[in-house]
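Visitor: Right, I'll just put the structure down here and ask away after.
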Amino acid sequence: MPLLQVLNQVIANNALVIAASLSALGATVTFAGYKFSHRGEVRKPWQNQNKKSFMCDNDPQIKYMIDHSLREPEILASLRKDTVTTFKDEAFMLCPPEECQFFTILLKLLNAKKVIEIGTFTGYNAVSMALILPEDGKVVACDIEQKFADFGRMYWKSAGVNHKIDFRLQPAMKTLDDLLEAGEAGTYDFVFIDADKVVMTEYYEKSLQLIRRGGIIALDNVMWYGTVYDPSVHEPFTDGTRAVNVKVKNDDRVDISMLLIADGVTLAMKK
């Protein structure tokens with residue numbers, strides 16, 4: 001089971017005990033980015049600060065941006081809405097449409113043909129990218145959860161891009177090693193990293209080997225829902241995100257830009 005799911009389960013199992021302990025103090029405590037109140041409320045990091053459009057529809061700035069820029073294909077809108085409805089607890093993992101639309105522009109500028117996605121969930125971004133790749137293009141989609149891919153696959157087929165999505169059901173590090181062993185170093189145009197934050201630096205290093213010169217690596221959730229700049233928060237996901245942010249900032253092998261899209265995304269172009 002992924003570390004994030006383990007943490008969620010541990011906290012869910014002990015929330016009442018924690019809340020009961022706090023009730024005597026009338027306190028609100030933050031642990032690992034989770035906020036526990038004496039009223040028995042438990043707020044996860046992505047509930048405390050979230051800039052993904054489908055999770056903060058009360059934000060007037062984001063609403064304006066969506067109303068005046070989003071061009072979401074009907075099949076993607078259906079996949080997004082059905083994913084949020086079906087997987088409510090995991091919906092925060094969905095890549096927001098405004099970010100995916102931005103990536104399609106990058107892929108067009110790159111004349112991209114080969115793409116890697118580390119962390120696919122139900123495939124919203126994989127489909128979004130596959131739709132604008134050439135007919136012989138491919139998205140190597142990495143994930144370890146079969147149920148999410150099974151749910152999304154009918155949408156991949158409906159979009160007419162199932163043949164472009166090479167889904168690998170195994171740890172992403174294994175897939176990246178497989179691609180390197182197959183002699184594909186330096187042949188990919190774009191890599192999207194949206195998976196286990198604890199090993200983000202390892203994903204980044206492998207991706208840098210696979211990407212061509214002039215290709216782009218996009219690292220998602222670089223704000224980790226506001227915890228990276230909160231000095232009181234120290235837990236594996238926050239610390240892992242901080243570590244990769246520092247590494248990329250100081251890496252002279254790439255040109256970079258960190259953007260406040262959704263939960264923050266850093267673009268690193270290989271020199």
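The values are calculated or read from the model by the stated rules, or taken from the named source; none is laboratory data. Just so it is clear, the structure is predicted and the values come from calculations on it, not from any experiment. We place every Cβ from the backbone using ideal geometry, glycine too, and count neighbours over all the protein chains shown. Protein only, heavy atoms only, side chains kept; ligands, DNA and RNA dropped before computing areas. Shrake-Rupley method; radii C 1.70, N 1.55, O 1.52, S 1.80 Å.
Visitor: Shape call for segment 105-198 from the C-alpha gyration tensor, a ≥ b ≥ c root eigenvalues: rounded (a/c under 1.5), prolate (a/b greater than b/c) or oblate? The partial results should precede the final answer.
Guide: On the way: a/c = 1.58, a/b = 1.01, b/c = 1.57.
The shape class here is oblate.
Visitor: Once the principal axes of the Cα atoms of segment 192-254 are found, what is the range along each, listed largest first in whole angstroms?
Guide: On the principal axes, segment 192-254 reaches 38, 21, 15 Å in Cα extent.
Visitor: List the aspartates and glutamates whose Cα sits under 17 Å from the Cα of Lys52, skipping any in the same chain fewer than 8 residues away.
Guide: Asp67, Glu72, Asp82, Asp89, Glu90, Glu98, Glu99, Asp194, Asp220, Asp263
Visitor: Follow-up. For Thr120, Thr201, give the ranking by accessible area with the largest first, probe 1.4 Å.
Guide: Thr201, Thr120
Visitor: Same structure, new question: Identify the trypsin sites (Lys or Arg not before Pro) of segment 174-245 meeting these criteria: DSSP loop state and at most 14 other C-beta atoms within 10 Å of the C-beta.
Guide: none
Visitor: Sequence-distant or interchain residues sharing an amide H contact under 5 Å with Asp166, placed H: which?
Guide: Placed amide hydrogens put Val139, Val140, Ala141 under 5 Å from Asp166.
Visitor: Here is a follow-up. How high is the FRET efficiency between Glu205 and Asn162 when r is their beta carbon distance and R₀ equals 41 Å, given to the nearest 0.05?
Guide: 0.85
Visitor: Let me ask something else about it. How big is the accessible area of Asp230 in square angstrom, nearest 10, if you roll a 1.4 angstrom probe over the protein chains?
Guide: 50
Visitor: Over segment 168-222, what number does the Rg to Rh ratio reach, with both radii from the alpha-carbon atoms and Rh per Kirkwood?
Guide: Reported Rg/Rh, Kirkwood definition of Rh: 0.94.
Visitor: Now, a different point. To the nearest Å, what is the center-to-center distance of segment 192-227 and segment 100-137, using C-alpha atoms only?
Guide: Taking the Cα centre of each part, segment 192-227 and segment 100-137 sit 16 Å apart.
Visitor: Work out from phi, with θ = phi - 60° and the Karplus expression 6.51 cos²θ - 1.76 cosθ + 1.60, the ³J(HN,Hα) of each residue of segment 158-172, listed in order in whole Hz, and give x for Gly and Pro.
Guide: Here the 3J(HN,Hα) series is 4, 6, x, 10, 4, 6, 8, 9, 9, 7, 10, 8, 5, x, 4 Hz.
Visitor: Leaving ligands and nucleic acids out of the surface, order Asp177, Asp263 by accessible area at 1.4 Å, largest first.
Guide: The most accessible residue leads, giving Asp177, Asp263.
Visitor: Mind checking the per residue accessible area of segment 162-271 for me, 1.4 Å probe, whole number of Å²?
Guide: Working: 4550 Å² over 110 residues.
That works out to 41 Å² per residue.
Visitor: Something else: Where a Cα-Cα gap under 17 Å defines reach, which aspartates and glutamates qualify for Lys88, not counting those fewer than 8 residues away within the same chain?
Guide: Cross-link targets: Asp57, Glu145, Asp150.
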